[in-house]
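The values are calculated or read from the model by the stated rules, or taken from the named source; none is laboratory data. These numbers come from a predicted model, not from an experiment. Glycine also receives a Cβ, built like all others from the backbone with ideal geometry; neighbour counts cover every protein chain displayed. To get the accessible areas, we keep the full protein, side chains included, count just its heavy atoms, and leave off ligands, DNA and RNA. Shrake-Rupley method; radii C 1.70, N 1.55, O 1.52, S 1.80 Å.
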Amino acid sequence: MRALCSALLLVYLVYADSKEDAALLNGADSLYHGDFSASFDEFIALFEDTKEPYYAKLAAQAAMGKGDTKSALLLAELYIKLSGNDEDLIINKILADVYAQNGQIEQAIKVLERIYAQEPSNEVGEVLGNMYMLKGSPKQAQPIFARLYEATHHTEILKKLLLAFIAQKQEQKALGLLSQHLLSFGCEERFCEESIGIYADLRALEFAKDVFEKIYTKNPTIPNAMNLMRVLIALKQFQEAQGIAQAFPFDQGLLLDLYVMQGDYHKAQKEAKHIYAQSKNPKFLALEAIYEFSAQEQPTRKLAESVAKKLNEAITLRQAQAREEDQQQTPQDAFFYNFYGYLLIDYEMDIKRGLEYVKKALAIEPYAFAYIDSLAWGYYKLGDCERALKAFAQIPKDQIANNPDLRAHSYQIQGVCKGQAK
């Protein structure tokens, strides 16, 4: 903007009319201070008085500043018509901006190509590359993004270059470039996750494993370990991920999650017990109880009673914690409520109390099919067929067909209750 004012002062020295000079300086001052409406009015008046194309150009700039793209476009086109100059950078930038905002991609590209030929800056190049991609011309965008990437190695440009390769079905080039970048420069957490997503989308997770394994081996930090673990978990190579998790002081529960992913509930129970002993977080007491129950293929009533007692203790502690810390109920609280309620119902320890807890779970997650199933099962156990059928009818048939537990309850409730409901 200061450069613009300097240019206006030069114009002031060239044009000698005092009235015109004053209007020009007023317009320049308003433009400098961001008062685009006042500046626009000054320059429009000057143009109408003098028909000087330069004032049309300044008025177009002021119009863009105040968001009047229609006037900006008309004035920019008028400037070109009157001056015969279609190479003016400021005018072309105005045209490109207006065309882009109006979705006139072809026109925007033509103008941007002229600008880029005069001013091959990274900023202009990125906009032109974006326009080519919007037009569906990744082949034209690719060399621009490649030049920008070589100049900056910026991850946002890299992502655009990768997209240009992928759009041309050049997946191997994209994978090679991504891998080279990661091995050379590493990655921050967000881009690491995005990179793993790209490998997954291109079905190249084994390729990702090799890359992140090299990064981890070279620099075995916690962030690098986490990235390798993300890849291993995506590949379902839980044992390898577990080995890394055991070597680092990760967030509590990570190793626990890995045991659960493998279906090793015995180890999950021990890990949850260990974490609870250290943290006294009631969440892990509840998980210890749930994994203890899940570890048994055919849990006995005695075990169910023991687990229910432990869950009741955990829930009581968790509710006290939530009140003390003014916390809202979470989906995990709902999970604990439902598990506890279902145990009370299924083993007929206290069906009515069990239903109360299932309803607490549904108050948090009203559309959870597993909780609706527990509700229907509770009513069925009470002999209330009408409510059991009504509740179970809320579960879509495809969900029932794909879930063996839901199918078993469906057969039993339908078989016993059909025809009994009032």
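Condition check for residue 122 on (1) open to solvent by less than 40 Å² (accessible area, probe 1.4 Å); (2) modelled with pLDDT under 95: one failure, at (1).
Contact annotation: residue pairs with Cβ atoms under 6 Å, 6 or more positions apart or on different chains, pairing a residue in region 85-96 that is within 19 Å of residue 71 (Cβ to Cβ) with a partner that is small (Gly, Ala, Ser) and part of a helix (DSSP H, G or I), are 91/76; 94/60; 94/72; 94/76; 95/76; 96/108.
In region 199-220, what residues are hydroxyl-bearing (Ser, Thr, Tyr) and under 11 Å from residue 232 (Cβ atoms)? Result: 216, single match. In this structure, residue 156 does satisfy being modelled with pLDDT of 90 or more and either open to solvent by less than 70 Å² (accessible area, probe 1.4 Å) or part of a helix (DSSP H, G or I) (or both).
Note on region 91-107: residues that are of a type outside the set (A, V, I, L, M, F, W, C), open to solvent by less than 40 Å² (accessible area, probe 1.4 Å) and under 18 Å from residue 141 (Cβ atoms) total 1. The residues of region 62-119 that are outside any helix (DSSP H, G or I), closer than 23 Å to residue 134 by Cβ and not acidic (Asp, Glu), listed by number, are 67, 102, 103, 104. Taken over region 340-381, the criterion of being among the hydrophobic types (A, V, I, L, M, F, W, C) and either out of contact with any Phe, Trp or Tyr (no Cβ under 8 Å at 6 or more places or on another chain) or exposed (fewer than 15 other Cβ atoms within 10 Å of the Cβ) (or both) is satisfied by 349, 351, 363, 368, 369, 370, 375.
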